[in-house]
Amino acid sequence: MNLVSARIITADVEALVAFYGKVTGLMVKQFTPDFAELQTGNATLAIGSLRTLQFFGGDSVARAADNRSAIIEFRVDDVEKDYERLSGFLEPYLVQKPTLMPWGNNSLLFRDPDGNLVNLFTPVSPEAVSRFSGRNEKESGMD
């Protein structure tokens, strides 16, 4: 089994497309006004409008801007450099400046415009680096 995608349901697809494009520096491809994808080497972050819920059984399946249990995580080459690049942009969304976590990742936490928690992280301790060393850097987009 392989996790290939996570999807955010939103009332404002355009805002999230612009936000994630700016944060990641990657192109977010918008297929329709109701659906877009940000593809990384390992997985895809999909962004769907409330109207897409009709394909999954109706409005009660999910609610936009109502998540307080998941964190969307992106491994980056240097979280400090990304923080420098994005600090002004992320100021209204910032939860925590880059901080070394007990498990060895340097982590930057912020929320997207819908309130979803986002983590940009860089493994820095030998243990954290080794957790990711077996993963293909080309596949993960971390060339």
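The values are calculated or read from the model by the stated rules, or taken from the named source; none is laboratory data. Model, not experiment: these values are computed from the prediction. Counting neighbours? That spans all protein chains shown, and the Cβs are built from the backbone with ideal geometry, glycine included. Heads up: the accessible areas ignore ligands, DNA and RNA and are worked out on the full protein's heavy atoms, side chains in. Shrake-Rupley method; radii C 1.70, N 1.55, O 1.52, S 1.80 Å.
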#### Entry: Shape call, segment 35-81: gyration tensor on alpha carbons, a/c limit 1.5
prolate
#### Entry: Residue of N42, N106, N116 that the Gaussian network model of the chain assigns the largest fluctuation, springs spanning Cα pairs under 10 Å
N42
## Note on the structure
Here the percent of antiparallel bridges among DSSP beta bridges lying wholly in segment 1-92, to the nearest 5, is 60
### Gained length - E84 relative to E127, 0.36 nm times residue gap less alpha-carbon distance
12.9 nm
### Ellipticity estimate at 222 nm from DSSP helix runs (n ≥ 4, -39,500 (n - 2.57)) divided over the chain, nearest 500
-7000 deg cm²/dmol
#### Entry: Portion, in percent, of the accessible area of segment 6-56 that falls on carbon or sulfur, probe 1.4 Å
58
### Message
Defining a contact as two alpha carbons under 8 Å apart and six or more residues distant in sequence, what relative contact order in percent does segment 1-102 show?
### Response
24
### Accessible area (Å², per residue) of segment 56-134, counting only protein heavy atoms and a probe of 1.4 Å
59
### Test item: Cα-centred dipole of the chain, Lys/Arg +1 and Asp/Glu -1 on Cβ, debye
200
### Task
Figure the gain on full extension for V4 and D66 (residue separation times 0.36 nm, minus the Cα-Cα span) and round it to one decimal in nm.
20.1 nm
### Query
Does segment 1-47 come out rounded, prolate or oblate, given a ≥ b ≥ c as the square roots of the eigenvalues of its C-alpha gyration tensor, rounded meaning a/c under 1.5 and, failing that, prolate meaning a/b above b/c?
oblate
